Amino acid sequence: MTERVGTEPSIFTRILRGEIPSEIVLQTDDVFVIRDIAPQAPIHLLVIPKADEYADVVELAAGDPKLLASMVEVARVAASQAGAADFRLIFNTGVGAGQTVFHVHAHVLATRFGGLAEATMAGGLPDGEEA
Ligand code: AMP
């Protein structure tokens, strides 16, 4: 585990502690779920480990793959609870990819009744780019 001496708690840790208001819509022993404050789809949830030692999904996968698997399962349950069977799961990784909070979290994006066409955030490649 990396000790983050001298760093501030992340905004998600502060939400978990109740220092910043946000409704926790689902939680397990290790993971909690909140609604994104700036939703980019009709359903936009954030799935977050309670511990903040991993900054992004690459670190998490290397350090605790079981916790990553737990996040995916919690994402599935949270999406289902919100009314979506299908969903988009996004881990922004690095500043260049739009990551702004360095406490690993997954974005769950979906619409309530099926189709994903309106679920944005990396929903397609920029014009002129090919996969
Ligand atoms: P990322 O840019 O991938 O690091 O995602 C961070 C996300 O946290 C953004 O989508 C923000 O809208 C969201 N966010 C920031 N502050 C809050 C908050 N207080 N409550 C809920 N979501 C937040």
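Values as computed for the structure displayed
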{"quantity": "Thr13 - accessible surface, heavy atoms, 1.4 Å probe, Å² rounded to 10", "calculated": "20 Å²"}
{"quantity": "Mean Cα-pair separation over length for segment 11-123, i.e. relative contact order, pairs under 8 Å, 6 or more apart, %", "calculated": "29 percent"}
{"quantity": "Estimated FRET transfer efficiency (Ala61, Thr100; beta-carbon r; R0 25 Å; 0.05)", "calculated": "0.80"}
{"quantity": "Distance in nm between pseudo-label sites at Leu89 and Glu19 (7 Å out along the Cβ direction from Cα)", "calculated": "3.0 nm"}
{"quantity": "Difference of contour (0.36 nm per residue) and Cα-Cα distance, Arg112 to Ile11", "calculated": "33.6 nm"}
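The values are calculated or read from the model by the stated rules, or taken from the named source; none is laboratory data. Remember, predicted model here, so these are calculated numbers, not experimental data. With ideal geometry, Cβ positions are generated from the backbone for all residues, glycine too; neighbour counts draw on all protein chains shown. Quick note on the areas: whole protein, heavy atoms, side chains included, nothing else; ligands and nucleic acids left out. Shrake-Rupley method; radii C 1.70, N 1.55, O 1.52, S 1.80 Å.
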